[in-house]
Every structure is written in C-alpha cells, then in structure tokens.
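The values are calculated or read from the model by the stated rules, or taken from the named source; none is laboratory data. Nothing here was measured: the structure is a model prediction, and the numbers come from that model. Neighbour counts run over all protein chains shown; Cβ positions are idealised from the backbone, glycine included. Only protein heavy atoms, including side chains, enter the accessible area calculation; ligands, DNA and RNA are left aside. Shrake-Rupley method; radii C 1.70, N 1.55, O 1.52, S 1.80 Å.
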Amino acid sequence: MLKIPVMQPWLGEEEVDAVARIIRSGWIAQGPEVQTFEREFRDVVGAVDAVAVSNCTSGLHLALIVAGVGPGDEVIVPSFSFIATTNSVLYAGATPVFADVEISTGNISASTIEQVASPRTRAVILVHQAGVPADIAGIARFCSSHGIFLIEDAACAIGSSYMGELIGKHSELVAFSFHPRKIVTTGEGGMIATGNQEFATRLRKLREHGMSISAVDRHSSNISQIEDYPETGYNYRMTDVQAAIGRVQLVKMRKMVARRRELAKIYSEHFSEIGGVYPVGDPSHGLTNFQSYWIRLDTELGVSRNELMIALEGAGISTRRGIMTAHRELSCARFHTTPLTTSEYLSDNSLILPLYHAMTESDQERVIEAFKSVLSA
Ligand SMILES: *Cc1c(COP(=O)(O)O)cnc(C)c1O
C-alpha cells in the first residue's frame, strides 16, 4: 500500500518547460524572469510592489530592517510558529517577545499582543498560522495607536483572504514563502509584498549586497556603470530558474486553494462528528487556504495525539505534530517570560493531517477510516 504524505507540491511539465526555457536563455541568476514574477505576484495580491527574495525568513529579516528595527528594540511574535519567525527578529539584532495565541485560530490577536507590549515594543510580526488569516485590522488598530510597526508573516498564507481580499495588500510589509511545504513553490524562495514604493527600492538593494545598481541593470546597460555600496546588504536573491517555476505555480494558485478547501470540507464533515476533535476552519473575518489541515484533540477522545500519530504511521499515513512553540526550544528559551498556556496546549494536542492537491477521494477515505479505526481499537 502506498504511503500517504502530509504534503506534496503540484508540479508538472509546464514547470519543466519553464525551467528549460530559462536555461536555454543563458541567464539563470536573478534577472528579467524574477522581475516578471514580481509584477505578476504584485498584481495577484493587489500590492503596490513585490520584491522576490531567497526565502521567507530572509524576507522577514529585510522587512524588519526597512521598518527600522534594530538592537534594543522588542518585536512581538507568536511562539506558536515555525522558528523562522523568531529567528528573523534575532537576525535584526532585536529581542523577540512572545505573545500567546487564540485557541480557535492559532493566531495572535490585539488582546494577546496587549498583554506583552512594552514601551520598547517597536514592531509586531503577526503570523497567518497554517494559512488561517489573523485579525489584521484589529491588530493594526492596536499597533497604530501605540506607534508600533506591523509586519505580516504570510509564509503559509498565499491565497488566503481577509475581508474578501487576498492577503498581501493590507500591511506595508507582508512576507511569503515558496518552500514546498507551503502551497505555491519555487523549491526555496520568498516574496515581500509591499504598499510602500520606497521600501521596495531599499529592499531590492538590501537583497543584493546593498548595491546601488542591480547586476541585471548593469549587464543590460550599454554605457559602463560602476555601482556603489552605501549600506551593508545581503545575498538574499532569487534566481530566474526559481522565478520561472513560481510564475507557473502562481497561475495554478487559485485551483490549488480551491481543491484544498474542497478536501478540507470533507475532512471537517467527518471530524466534527467525533467527540473531542475540533477541526480548524475559517475565522469570521476571512477564508483559509488550509495550507495545513489541523485538528485539536481533547481528553474526551480517549487517545493521545502521539498514540494517534504512531497508529496512523503504522497504517501508512504520515501526519505531523501541531505547530511548534519556539519558547520551549533551547535556542529561544531565554526570551520566555509570560505564560503561553494556549500555545503550549495547541502545540501538544493538535495534529496535522495529509492534504495535497493530487489527493484523491479514496486517499482521503483511507485517512478518515484509519483515524476511526484507531479510535475504535
Ligand atoms: C515556513 C515558514 C517560514 C519560513 O519560510 P522559508 O521560506 O522556509 O524561509 C516562516 N514563517 C512561517 C510561519 C512558516 O511557516
């Protein structure tokens, strides 16, 4: 029996052809294809501009720099997130401060942020965890009334929407990931959607060693130009090979999200009937892309999360533990101050189930049946 994966990217011949076209063109580093991908991405999410980077973590790092965050500043983040959210704050030399999350969404909110805000709070990074849109307006209201800069970690949230509009246009800096564990993939890659043209200009310099003239502009210019380096930058570039894959994937995005929502609906119909199982769903203010389909389990179920994972693994079904917490990892433990009860509870008692574009109804039935048979055993 074939093993059912948790996630699988939807790639095909179109991506193969796109990569072949770039290789034949002779220009494979960051160049015209990245520029086209940026414009198409900007138009899809409705931002003013979009800047491609090497991954979402480097995107968050650059976002913090252009937001003016540095040593001595505190940045509020959820601990309940992939560790990259916290690490980006450390790269900027600032101090991460962990806010707890709401149990129904796994997201920070104005009220959990307020509990840990201080006069040193310079920025907040909200995360649309697993694709579930956070309450952007509520958090933005709190931030603007306290002079705090808001950044969105939308690593998981391409195709999710807030109040009827795709995530990416609601804040000045919104960072996306194209890792294969997300939905739209370029292997590795990221994008910063921005509402601020000056930020975009500075981000483009910072991602390319701080160079005043990009390599592609120098090569395409017929007069010889000498670049300068007014500030320290990074090598956070995306390649044209990646951008070519991304352009094909971006066209497929709406189909991918629609299919995930269809499959998620079937899961939720089954799981909401089981006592002690609480499936993730849409919050009142938006629609999730179900980047991860997770269920929360409580003691009424009679089986622990870890027992379930082992039993499902035995039936050839991959699952993942709930989202991690950063504050319980050695590298971040020193930043932990306030209790993060809900974050710990969710992390320890939730389970991520298989969901991928090519998943068939019979694959999904296998997961549901295996789950039910563990409960009845
Ligand atoms: C995956 C992920 C990241 C990191 O994305 P990369 O592109 O791998 O750097 C950051 N934040 C969250 C919430 C993620 O899930």
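Details
- Gyration tensor (alpha-carbon) shape descriptor, the chain, a/c threshold 1.5: oblate
- For the stretch 331-354 versus the stretch 70-113, the inter-centroid distance based on Cα atoms is 12 Å.
- The sum of -39500 (n - 2.57) across all DSSP H runs of n ≥ 4, divided by the residue count of the chain, sets its helix-only mean residue ellipticity at 222 nm to -12000 deg cm²/dmol.
- Modelled FRET efficiency - R0 30 Å, S362 with S304, Cβ distances, 0.05 increments: 0.60
- Residues whose placed amide H lies under 5 Å from that of V127, excluding near-sequence neighbours: I108, D153
- C-alpha center-to-center spacing [the stretch 247-261, the stretch 137-164] in angstrom: 23
- Percent carbon-and-sulfur accessible area, the chain, ignoring ligands, DNA and RNA, probe 1.4 Å: 53
- Sequence-separation-based contact order of the chain, relative, with Cα cut under 8 Å and 6+ spacing, percent: 24
- Whole-Hz Karplus values for the stretch 293-304 come out as 9, 10, 10, 9, 10, 10, 4, 3, 5, x, 10, 7 Hz, taken residue by residue from phi with 6.51 cos²θ - 1.76 cosθ + 1.60 and θ = phi - 60°; glycine and proline positions read x.
- A DSSP coil position with no more than 14 other Cβ atoms inside 10 Å describes the following trypsin sites (Lys or Arg not before Pro) in the stretch 1-89: K3.
- Overall, the anisotropy analysis places the stretch 6-82 in the prolate class: the square-rooted eigenvalues a ≥ b ≥ c of its C-alpha gyration tensor yield a/c not less than 1.5, with a/b exceeding b/c.
- Phi angles of the stretch 136-141 translate, via the Karplus equation with coefficients 6.51, -1.76, 1.60 and θ = phi - 60°, into HN-Hα couplings of 4, 5, x, 5, 4, 4 Hz per residue; Gly and Pro are given as x.
- For the stretch 263-353, the solvent-accessible area works out to 45 Å² per residue, with a probe of 1.4 Å and every protein chain left in place.
- Relative to the Cα centre, the charge distribution of the stretch 304-349, modelled as +1 at Lys and Arg Cβ and -1 at Asp and Glu Cβ, gives a dipole magnitude of about 140 debye.
- With protein chains left intact and a 1.4 Å probe, residues in the stretch 1-150 average 39 Å² of accessible area per residue.
- Scalar couplings 3J(HN,Hα) for the stretch 27-36, obtained by applying the Karplus form with A = 6.51, B = -1.76, C = 1.60 to θ = phi - 60°, are 10, 10, 6, 4, x, x, 5, 4, 4, 5 Hz; x denotes Gly and Pro.
- DSSP assigns beta bridges within the chain; of those with both partners inside it, close to 60 percent run antiparallel.
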